[in-house]
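Trainee: Take a look at this one; I'll ask things after.
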Amino acid sequence: MQNNPTKIIVHHSADITQTDQLAKINEYHKERDFPVSSLGYYVGYHYLINHAGQLTQTRKIEDEGAHCIGLNFDSIGICMEGNFDIELPTDAQKATLGNLLVELCAQFNFDVTDIFPHRCFRNTSCYGNLLSPDWARILFLDYKDKNNEKIPMCSQN
Ligand SMILES: [Zn+2]
């Protein structure tokens, strides 16, 4: 069965370690028997954003996710490294996430209301208690405006 996303679910890794967590998460999710993606990763999310704002795609969109029970065939999972119960995302992470949300929402015709923190669906604090329920939606709108500003206005007519 293919993933057919209708929404975006944003996570944190709940791990305050400042180093690159890709290998660690991959190993942890492999131990938990998460299905391997067509890109060769066990990481349950489709995208991972490290502290430096570097984006890694770990699953193709059509690959089933392993990040939110009950929604792994109709959502895109994005994880930011960090524990946002006790720290905040870096500016670089916010920029990467903001632009990725704009790109994915345009590609899949999602609205701002199609973006959710994990905790909307599970009994978890994920993406962290320091971030408000609509934090990712506000970030999306902010970056959507920024991207629109980049489009030059036609002055010929
Ligand atoms: Zn989560």
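Trainee: Does at least one position in the range 141-153 carry a residue that is in a loop (DSSP other than H, G, I, E, B) and open to solvent by less than 80 Å² (accessible area, probe 1.4 Å)?
Mentor: no
Trainee: Taking into account only those residues within the range 100-131 that are part of a helix (DSSP H, G or I) and of a type in the set (Val, Ile, Thr), which is surrounded by the most Cβ atoms within 10 Å (Cβ to Cβ)?
Mentor: The residue in question is VAL102.
Trainee: Output the residue which, of all residues in the range 56-82 that are over 11 Å from the mean Cα position of the chain (by Cα) and under 10 Å from HIS11 (Cα atoms), is farthest from the ligand (Cβ to nearest atom).
Mentor: In this case the residue turns out to be GLY82.
Trainee: OK, next. Out of TYR47, TYR41, which single residue is of a type in the set (Phe, Trp, Tyr) and closer than 20 Å to ARG137 by Cβ?
Mentor: Going through TYR47, TYR41 in turn, just one is of a type in the set (Phe, Trp, Tyr) and closer than 20 Å to ARG137 by Cβ: TYR47.
Trainee: Of these, VAL43, VAL10, which one is crowded, with 22+ Cβ neighbours inside 10 Å, hydrophobic (A, V, I, L, M, F, W, C), within 13 Å of the ligand (Cβ to nearest atom) and not in a strand (DSSP E or B)?
Mentor: VAL43
Trainee: With the checklist (1) open to solvent by less than 60 Å² (accessible area, probe 1.4 Å); (2) more than 15 Å from the chain's Cα centre (by Cα); (3) of a type outside the set (Gly, Ala, Ser) in hand, flag the one item PRO5 doesn't pass.
Mentor: The single condition PRO5 does not satisfy is (2).
Trainee: Answer with yes or no whether GLY98 is at positive phi and not aromatic (Phe, Trp, Tyr).
Mentor: No: the conditions fail for GLY98.
Trainee: CYS105 fails exactly one of the following numbered conditions: (1) within 12 Å of VAL10 (Cα to Cα); (2) away from the ligand (no atom under 16 Å from the Cβ); (3) among the hydrophobic types (A, V, I, L, M, F, W, C). What is the number of that condition?
Mentor: (1)
Trainee: Please go through the range 121-138 and pick out each residue that is in contact (Cβ under 8 Å) with a residue 40 or more places away in the chain and within 11 Å of the ligand (Cβ to nearest atom).
Mentor: Result: PHE121, ARG122, SER125, CYS126, TYR127, GLY128.
Trainee: If you scan the range 83-99, which residues turn out to be open to solvent by 40 Å² or more (accessible area, probe 1.4 Å) and within 16 Å of the ligand (Cβ to nearest atom)?
Mentor: ASP85, ILE86
The values are calculated or read from the model by the stated rules, or taken from the named source; none is laboratory data. Being a predicted model, the structure only gives us computed values, none of them experimental. All Cβ positions, glycine included, derive from the backbone under ideal geometry; neighbour counts span all protein chains shown. These accessible areas exclude ligands, DNA and RNA; they are computed on the full protein's heavy atoms, side chains included. Shrake-Rupley method; radii C 1.70, N 1.55, O 1.52, S 1.80 Å.
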